[in-house]
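The values are calculated or read from the model by the stated rules, or taken from the named source; none is laboratory data. All figures in this text were calculated on a predicted structure; none of them were measured in a lab. Backbone-built Cβ (ideal geometry, glycine too); neighbour counts: all protein chains shown.
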Amino acid sequence: MRALLGLIFSVLLLAPPSWAQNVGALPPFIQQQANVPILHEGARIQPVYSQHGMVVSADKYASQVGQNILMQGGNAVDAAVAVAFTMAVTMPRAGNLGGGGFMLVYDAKNKTTRAIDYREKAPLAASANMYLDENGEVDENLARFSYKSAGVPGTVKGMELAFRLYGSLDWQALLDPAIHYASNGVRVSQSLAESLQKKAAHLWKSPAARKVFFKQDHFYSAGDTLYQKDLAKTLVTLAKEGADAFYKGDIATRIALDMKKNGGLITMQDLAEYQAVLREPLVGYYRGYKVLSMPPPSSGGVHLIQMLKALEQFPIQQQRWGHGSSDTMHVMAEVMRQAYADRSKYLGDTDFVSVPIKALMSDLYAIRTAKGISMASATPSELVEGGKFLPDESPQTTHFTIVDKWGNVVTNTYTLNFSYGSGHMVAGTGILLNNEMDDFVSKVGVANAYGLIGNEKNAIEPEKRPLSSMTPTLVFDADDQFYMALGSPGGSRIITSVLNVLMNVIDHNMNLAEAITAPRMHHQYMPDKVQVEKGFSLDTLKLLNHKGHTVEEVAPMGAVMAVKRAPKGQKGYVAFADTRRADAFVAVQTQPQDNNPLARKDMDWLSDLFE
C-alpha cells in the first residue's frame, strides 16, 4: 500500500497540473507597487487600480490563483471557488474544507444578487445541554477543542452550489491550484509559522495534525516548505467526484469513522443530508446608497443595516464631524451598544426561531434609537444586562472579494471558527475540523469565546445553524450601479469593522486605502467598553471618557478586503487588502479576455434549496 501511495504521489509531483505550468508567466504584483496611478490627489495612501478584474484576499498565493483564473477567462465565481480551495492549503488556520461560511454573488448582466448560506449545522445527535458538566456549568474544553465541538461542514457544498449556479470553467481546473500546492508544498510565511506555533498545543494532540504541522516534531519556520499529502489526495478526489465524495462517498466515510472513534457526533446521515441554501440578501439604505448583506443565521446584515440607519439620523456627513472626532465615536459607540444588545436578545437561525428582522432594520426603530442617545453622556450597558470580558482576538476567519471584467462580484467570508478550528484533523484526509458549535449558546447568559452573550434563540438544536457575525456586503449607488464590496474576519468585531470602513468611505470621503487603514473602534454592549485601535487622538479619547465611556486600546481589529468602483472619470475598479494581515494581497487581471460572464444554468435542481 505504501509503495502504491508513493507511486501516486510521484506521478503528482512529476506531472503538475496545467495551472502550475502557467504560473511562471504571471506578472509579479505588489499591493503598493510603484506605478499605482494617483487617483486621489493629496491622499496619504492609494488603493490599487485595474481596468479589469481584481482579487483581494488575506493570502498572496490565493490572490494570484484567482488572478490566473480570471486571466484564463473565468468569471468571479470561478475565481472564488479556486481561491477558497487554495486557502484551505495555503492558509490552513482559516481557509478550509471542514468549516463553513457565507457568500454574496452579484450578477452584473441580470443585476441580481444571491446569498449563499453554507454555514455549518449541528449534528442530529446534538442537544441543548451537551456541553454542561455535572454541576451545570459549561465545559469549555468540550465545547471548543473536542470532536464534539465540530458542526457539519458546509464549505464544499457551498462552493459547489456557487459553481453550479455560475461557474464557467471546468470544476477540476478550479481545484488544480490547491492540489498543486498541497502536493508540491507552499513556502511558510512568518505569519503562517507564528500561527502554527500559537496553536501548537492543540494541533499536537491530533495525530493527523501533528504529522502535517510539525517538522520532525519541531516547529515550522518561515522559509520552510509545508507539504499536505493527505489533503492533496482529498482534493484530487473532490476534483474527480465533486461534493458527493465529501458528503456521501469515501471522504464522508472517513469523517464519520474518525468521529465515532473519538467521541464526535457527526455521522454519515448528517453529511448526506447537509445542504447549502440560497437566501434573500437583506437590503437597507444609507445616505442614498443601497446596502446588501447576509440574513440570519448571520447577524451581520441585520445589525450592519440597523446601525447604519440609526447613524443616518445624525449629521455626521453634512456637518463634517470627521473620522475620529468625539461626536462621531460617541454616536457610533451608542449605536453599536444597542445593536449588540439586540443581537443577544433576538438573533438565531430563522429556520428554527422567529427573529424580528424587519423591526430591527426599520426606520422607526432607527429614529427611536437615535432619539435615545444623549450627545453629552454614554448609556451604561448595565441597564440592559451583564456580560463577560471580550478575550483577545485571534485571526480565525478569512474574507476575500473578487470582481471580474464584466462587473460580476463575489464577496465571501468563511471560517473554522478558532484558528485551526478544534485542532483536530480527520485521519487520512488532511481536513481540519471546525469548532463552530461554540457559536451556539451552551448556557443562557454565559458568554462564548468572543464575549458574546445569547439566549435560547441561539440554543443548540439538531440541524440548526449557529449564529454568526460574518458580514459579506455589497453596496450600490443611487442609480443601482455597483459601488463597493467588502467583508472582514474578526469574530464579534466583523460587523463593526465593515461599519467603520463604510462610514470612512461614505461619511468621511476617504479613498479605499485610507478607509481600510484608518484606526477602528468597537463596542459590543458587554463588556461596557469602547475598544479602539492605536491611532486615535488622545484628546478625543479624553472627551469620550468625559462623556462616561470606558476606553480600552486593543489589538488590531478585523482585516477588510474590499473592491470599489473607480473614482468618477475612471473606468474599472480600485481595491485594497487590509495590512492588518501580513500576507494580504491584491492581484489584478492585467489584460482582458474573451467574454465569459456568469453562466446561466438549468435551475430546476435548485428548487429545494430556496427558503
Looking at region 150-167, is at least one residue without any contact (Cβ under 8 Å) to a residue 24 or more places away in the chain and outside any strand (DSSP E or B)? no
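Could you list, in sequence order, all residues of region 92-115 that are surrounded by 24 or more Cβ atoms within 10 Å (Cβ to Cβ) and over 13 Å from the mean Cα position of the chain (by Cα)?
So in region 92-115, the residues surrounded by 24 or more Cβ atoms within 10 Å (Cβ to Cβ) come out as 92-105.
Listed by number, the residues that qualify are Pro92, Leu97, Gly98, Val105.
What do you reckon, is Lys464 among the basic types (Lys, Arg), over 17 Å from the mean Cα position of the chain (by Cα), within 30 Å of Lys148 (Cα to Cα) and part of a helix (DSSP H, G or I)?
Values: among the basic types (Lys, Arg): yes; over 17 Å from the mean Cα position of the chain (by Cα): yes; within 30 Å of Lys148 (Cα to Cα): yes; part of a helix (DSSP H, G or I): no.
No; evaluated as a whole, the condition is false for this residue.
Sort through Gly324, Gly348 and tell me the only one that's of a type outside the set (A, V, I, L, M), surrounded by 24 or more Cβ atoms within 10 Å (Cβ to Cβ), in contact with a helix residue (DSSP H, G or I) (Cβ under 7 Å, 6 or more places away or on another chain) and in a loop (DSSP other than H, G, I, E, B).
Gly348
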Residue count for region 303-318, restricted to those that are among the charged types (D, E, K, R) and outside any loop (DSSP other than H, G, I, E, B): 1
Which numbered condition Ala209 fails, given (1) under 30 Å from Leu278 (Cα atoms); (2) of a type in the set (A, V, I, L, M, F, W, C); (3) surrounded by 24 or more Cβ atoms within 10 Å (Cβ to Cβ): (1)
Scan region 162-174 for residues that are surrounded by 24 or more Cβ atoms within 10 Å (Cβ to Cβ) and under 19 Å from Tyr247 (Cα atoms) and jot them down. Ala162
Every residue in region 279-328 that is closer than 16 Å to Thr496 by Cα, of a type in the set (D, E, K, R) and more than 25 Å from the chain's Cα centre (by Cα), please. Glu312
Report yes if some residue within region 473-481 is without any contact (Cβ under 8 Å) to a residue 24 or more places away in the chain and either surrounded by fewer than 24 Cβ atoms within 10 Å (Cβ to Cβ) or part of a loop (DSSP other than H, G, I, E, B) (or both); otherwise report no. yes
I'd like the residue in region 516-572 that is among the basic types (Lys, Arg), at pLDDT 95 or above and assigned to a loop (DSSP other than H, G, I, E, B) and, out of all such residues, is farthest from Tyr49 (Cα to Cα). Lys547
Do we have any residue at all in region 184-193 that's in a helix (DSSP H, G or I) and without any contact (Cβ under 8 Å) to a residue 60 or more places away in the chain? yes
When region 64-91 is examined, which residues are found to be farther than 20 Å from Leu598 by Cα and either of a type in the set (A, V, I, L, M) or surrounded by 24 or more Cβ atoms within 10 Å (Cβ to Cβ) (or both)? Thr86, Met87, Ala88, Val89, Thr90, Met91
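To keep it simple, each residue is scored yes or no on (1) modelled with pLDDT of 95 or more; (2) surrounded by 18 or more Cβ atoms within 10 Å (Cβ to Cβ); (3) among the basic types (Lys, Arg).
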site: Glu120; (1), (2), (3): yes, yes, no
site: Ala125; (1), (2), (3): yes, no, no
site: Asn135; (1), (2), (3): no, no, no
site: Leu142; (1), (2), (3): yes, yes, no
site: Tyr147; (1), (2), (3): yes, yes, no
site: Ala150; (1), (2), (3): yes, yes, no
site: Met159; (1), (2), (3): yes, yes, no
site: Gly185; (1), (2), (3): yes, no, no
site: Ala193; (1), (2), (3): yes, no, no
Exactly one of (1) outside any loop (DSSP other than H, G, I, E, B); (2) under 27 Å from Lys290 (Cα atoms) is unmet by Lys109. Its number? (1)
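I need the full set of residues from region 238-275 which are among the β-branched types (Val, Ile, Thr) and surrounded by 16 or more Cβ atoms within 10 Å (Cβ to Cβ), in order please.
Start the filter on region 238-275 by keeping residues that are among the β-branched types (Val, Ile, Thr), which leaves 251, 253, 255, 266-267.
Correct list: Ile251, Ile255, Ile266, Thr267.
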